[in-house]
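Participant: Handing you this structure, nothing more for now.
The values are calculated or read from the model by the stated rules, or taken from the named source; none is laboratory data. Source: prediction; values computed, not measured. All Cβ positions, even for glycine, are placed from backbone atoms using ideal geometry, and neighbour counts span all protein chains on display.
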Amino acid sequence: MCVTFRYGRTDCNPATVAARSFPSSIANLTKTLQFFASEFGFTSRETVALLGAHTLGEAHRENSGFRGRWVPRKDSFDNDYFVKLADGGGVSWSQTSLQRGTLYQWDGDDASGRGHMMLNSDMVLYRDISPDATTGQTLTCPTNPALCPYAATKDIVEEFAANNAGWMAEFSDVFEKMIEHGSTNLQLPA
Ligand code: HEM
């Protein structure tokens with residue numbers, strides 16, 4: 001994968017620029033897509049491609065309250081996020097309550113023997129889980145998201161799950177757009 005990096009961004013002045021919020025981890029599909037559309041002008045497809053970044057790294061209780069990696073190999077950059085999301089590899093997902101029912105995530109197990117997870121903002125790309133707006137709790141299919149209808153972006157998830165090279169090309173394009181958003185006259189390193 002090739003991401004072109006251009007330098008020259010200037011820091012904003014926190015005294016004059018209003019604080020910005022991050023996208024919510026418990027949001028439904030509409031809110032997740034709206035965030036990236038309004039902040040970056042991204043299409044649904046670009047947003048789905050971008051969130052495949054969660055194939056890397058993990059969540060930490062002490063940071064976000066969530067815990068675990070999205071895929072068994074957290075240091076390998078590939079489309080496994082979409083494979084797992086699209087029920088690939090025989091993953092069985094169920095919703096887990098964290099922090100005494102104030103926070104929810106999806107935990108999955110597969111043949112790798114390593115547990116992994118999805119946030120609501122990931123799961124909503126594939127299943128219409130109708131999470132509660134305050135806690136993120138799903139009442140419709142908490143022990144099996146496959147019992148909930150497909151999400152409007154389901155076909156995109158399945159396309160990326162089936163085509164690693166295609167996803168990487170689209171990820172690279174949208175990632176560049178994201179890191180250059182709001183900047184002009186950026187320069188290529190000499
Ligand atoms: C709906 C949008 C998003 C939400 C709700 C979200 C939420 C989160 C949360 C809760 C964590 C765990 C933080 C922790 O506990 O340490 C995380 C980690 C991470 N996110 Fe996202 N994220 C979003 C979009 C993105 C995007 C656009 C990228 C990059 C293109 C990204 C890349 C990562 C990576 C690489 C980690 C792992 C960090 C680590 O291992 O320490 N995320 N995200």
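Participant: Got at least one residue in the stretch 69-81 being more than 16 Å from the ligand (Cβ to nearest atom) and at pLDDT below 95?
Facilitator: Checked against the condition, which is being more than 16 Å from the ligand (Cβ to nearest atom) and at pLDDT below 95, the stretch 69-81 yields no hits at all.
Participant: Then there is this: For the stretch 59-81, give me the residue count where each residue is more than 21 Å from G136 (Cα to Cα) and in contact with a Gly (Cβ under 7 Å, 6 or more places away or on another chain).
Facilitator: So the answer is 2.
Participant: How many of the residues making up the stretch 40-59 are polar (S, T, N, Q) and within 10 Å of the ligand (Cβ to nearest atom)?
Facilitator: Qualifying residue count for the region: 2.
Participant: Would you call T32 surrounded by fewer than 16 Cβ atoms within 10 Å (Cβ to Cβ) and under 15 Å from the mean Cα position of the chain (by Cα)?
Facilitator: Answer is no for this residue.
Participant: I would also like to ask the following. With the structure loaded, tell me whether L125 is touching a residue at least 40 places away in the same chain (Cβ under 8 Å), away from the ligand (no atom under 12 Å from the Cβ) and closer than 14 Å to V48 by Cα or whether it fails that test.
Facilitator: no
Participant: Using beta carbons and a limit of 6 Å, which pairs, at least six apart or on different chains, have the first residue in the stretch 46-63 and in contact (Cβ under 8 Å) with a residue 40 or more places away in the chain and the second one more than 6 Å from the ligand (Cβ to nearest atom) and of a type in the set (V, I, T)?
Facilitator: Close Cβ pairs (under 6 Å, with a partner that is more than 6 Å from the ligand (Cβ to nearest atom) and of a type in the set (V, I, T)) amount to E46/V174; V48/T153; V48/I156; A49/V174; L50/V174.
Participant: Okay, moving on. Restricting to the stretch 116-167, count the residues that are assigned to a helix (DSSP H, G or I) and out of contact with any helix residue (DSSP H, G or I) (no Cβ under 8 Å at 6 or more places or on another chain).
Facilitator: Residues flagged as assigned to a helix (DSSP H, G or I) and out of contact with any helix residue (DSSP H, G or I) (no Cβ under 8 Å at 6 or more places or on another chain) within the stretch 116-167 amount to 8.
Participant: Given the conditions (1) acidic (D, E); (2) within 16 Å of the ligand (Cβ to nearest atom); (3) surrounded by 17 or more Cβ atoms within 10 Å (Cβ to Cβ), report the number of the one that E176 does not fulfil.
Facilitator: Checking E176 against (1) acidic (D, E); (2) within 16 Å of the ligand (Cβ to nearest atom); (3) surrounded by 17 or more Cβ atoms within 10 Å (Cβ to Cβ), the one that fails is (3).
Participant: From the list L56, L50, L98, pick out the single residue that is closer than 18 Å to T143 by Cα and surrounded by 14 or more Cβ atoms within 10 Å (Cβ to Cβ).
Facilitator: L98
Participant: Here is a list of conditions, (1) assigned to a helix (DSSP H, G or I); (2) more than 12 Å from the chain's Cα centre (by Cα); (3) over 14 Å from M117 (Cβ atoms), and E62 meets all of them except one; can you say which number that is?
Facilitator: In the conditions (1) assigned to a helix (DSSP H, G or I); (2) more than 12 Å from the chain's Cα centre (by Cα); (3) over 14 Å from M117 (Cβ atoms), E62 misses (1) alone.
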